[in-house]
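Read through the structure below, which is laid out as structure tokens, and then see the notes.
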Amino acid sequence: MTQGIQYDPFDAEIRENPHPVYRRLRDEVPLYFLEKYQTWAVSRFADVWDLSSDQEHLTNAKGTAPAQLLTQDLEVSPTLNTIDPPEHSSLRATIRSSFLPRKVKALEGVARDVCREQVDQALATGHLDVVRDFGSLLSATVVCHVLGLPVEDGPLLTQWVQAFFTHDPDTGGMTPEGLESINALNDYCVDRLRERRQQPGGGNDPLSVLSEFQIGGRRYSDEEAASHFGNLIVGGTETFPKLLASAMLRFAEYPHFREQLRDDPTLIPDAFDEVLRYDMPTQFLGRSVVRGFEHQGVRLEPGQKLIFLYPSANRDEREFPDPDVFDIRRRAPRIVSFGTGQHQCIGRHIARMEGRIALEALLPALGDYEVDFTRAVRLKTEFVQGYGSLPISFEARR
Ligand code: HEM
């Protein structure tokens, strides 16, 4: 009984603006069955929160991305996000040390240097692309430091990841170039992995950990370990630049917030969290049912899948007062933008650090910048929404 609601993540209308339909789903059919994909769309905050931690009935091992769960045009390769316990708990515990707040703090200097250099260059011209130049370079440089890769490789890695996420504008699905890029990234990771296996450093950086990690007495093959490693590169470079673009867009839309942040930069972390809530680019990740169960009076059968509609959950009026209001002082006690439970984003401290340092550098230096919408590129895919390019202009200081 869908009472006339039509929801398909690939529909042009949904890709243009999903929020009106998300609201109806939350109000009328919080667990909506997509017959075509044998998939339940979960739209309310509490349901996304609770089901994200359910490892008794749900598995990640059949994939979590739309191209794996829905269209099945991408095979499920092993990543931290596509393995279950005990392998997941064991690998995550081993790799975790590189992502702890203490380690992330040590990278602030690197992040600040990238930001300062980019801002200085931009001030000379009066122009900056928040995504293609600033956000991508910042996240790629930081990820290279976290993963122990040469910083010079950052731009190439970003290029592959961006091609992978640029979907067909007509169908919204994967493109041949996108699939080629992911293969190129994979080959790069296999090469790095083999190098490390030939010259083990004995360190606890992710590449060393993956090259030596064992499960059930078996070591990962080069390809398996490389697949895990590639996913860390994707996670580390893909989403952050889009969030930074949303932040700069919102602060252009609401100049009083921009001024408040310039006057009091201690408000920046809360403001970035509100951008994360309001403009989560990833529309969903999902799970598959392995053991049948009932949730909110609905029976979910083995073999069916679930997708967690993060931007819908983040605007659920049952969780957030006036959810469609953007307010940098909201300080929401919890959001789903980094997931929750055992698979909660391992890179969340990195993302928040990058957001804070980028905004601390950009907002005071650029003054009253303007967004150039004629050249901005908006991505409208079933998976990711946001800006693939966001040029801004401001007064040059020569
Ligand atoms: C603003 C930027 C980011 C956002 C919005 C984001 C979002 C997410 C979400 C929603 C999940 C949960 C998936 C699930 O429950 O199935 C996740 C997992 C993950 N993220 Fe992030 N992420 C961001 C940045 C990063 C960074 C910087 C890294 C690495 C350097 C990273 C690496 C990962 C990994 C490896 C996982 C899988 C964790 C697991 O399954 O145990 N992410 N991320």
Can you find a residue in segment 215-230 that is under 19 Å from T282 (Cα atoms), among the aliphatic types (A, V, I, L, M), in contact (Cβ under 8 Å) with a residue 40 or more places away in the chain and in contact with an Asp or Glu (Cβ under 8 Å, 6 or more places away or on another chain)?
no
Residues of segment 179-237 classified as crowded, with 17+ Cβ neighbours inside 10 Å and part of a loop (DSSP other than H, G, I, E, B), total
3
In this structure, is Y22 touching a Pro at 6+ places or on another chain (Cβ under 8 Å), modelled with pLDDT of 95 or more, among the aromatic types (F, W, Y) and more than 16 Å from the ligand (Cβ to nearest atom)?
yes
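Evaluate the following for L91: is it within 12 Å of the ligand (Cβ to nearest atom) and either over 19 Å from the mean Cα position of the chain (by Cα) or at positive phi (or both)?
On the way: within 12 Å of the ligand (Cβ to nearest atom): yes; either over 19 Å from the mean Cα position of the chain (by Cα) or at positive phi (or both): yes.
Against the criterion (within 12 Å of the ligand (Cβ to nearest atom) and either over 19 Å from the mean Cα position of the chain (by Cα) or at positive phi (or both)), L91 qualifies.
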Are any of the residues in segment 378-392 small (G, A, S), part of a strand (DSSP E or B) and surrounded by 21 or more Cβ atoms within 10 Å (Cβ to Cβ)?
yes
Quick check: is even one residue across segment 164-187 among the polar types (S, T, N, Q) and touching a strand residue (DSSP E or B) at 6+ places or on another chain (Cβ under 7 Å)?
yes
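Inside segment 242-357, counting only strands (runs of 3 or more DSSP E) that do not spill past its ends, which hold 2 or more residues that are away from the ligand (no atom under 15 Å from the Cβ) and either surrounded by fewer than 23 Cβ atoms within 10 Å (Cβ to Cβ) or basic (K, R) (or both)?
Of the strands (runs of 3 or more DSSP E) lying wholly inside segment 242-357, those with at least 2 residues that are away from the ligand (no atom under 15 Å from the Cβ) and either surrounded by fewer than 23 Cβ atoms within 10 Å (Cβ to Cβ) or basic (K, R) (or both) span 293-295, 298-300.
Yes/no per residue for (1) touching a Phe, Trp or Tyr at 6+ places or on another chain (Cβ under 8 Å); (2) under 25 Å from I392 (Cα atoms); (3) at pLDDT 95 or above:
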residue	(1), (2), (3)
R96	no, no, yes
P101	no, no, yes
V110	no, yes, yes
D113	no, yes, yes
D129	no, yes, yes
T141	no, yes, yes
V146	yes, no, yes
Q162	no, yes, no
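The values are calculated or read from the model by the stated rules, or taken from the named source; none is laboratory data. Source: prediction; values computed, not measured. FYI the Cβ positions are ideal-geometry reconstructions off the backbone, even for glycines, and counts take in every protein chain you see.
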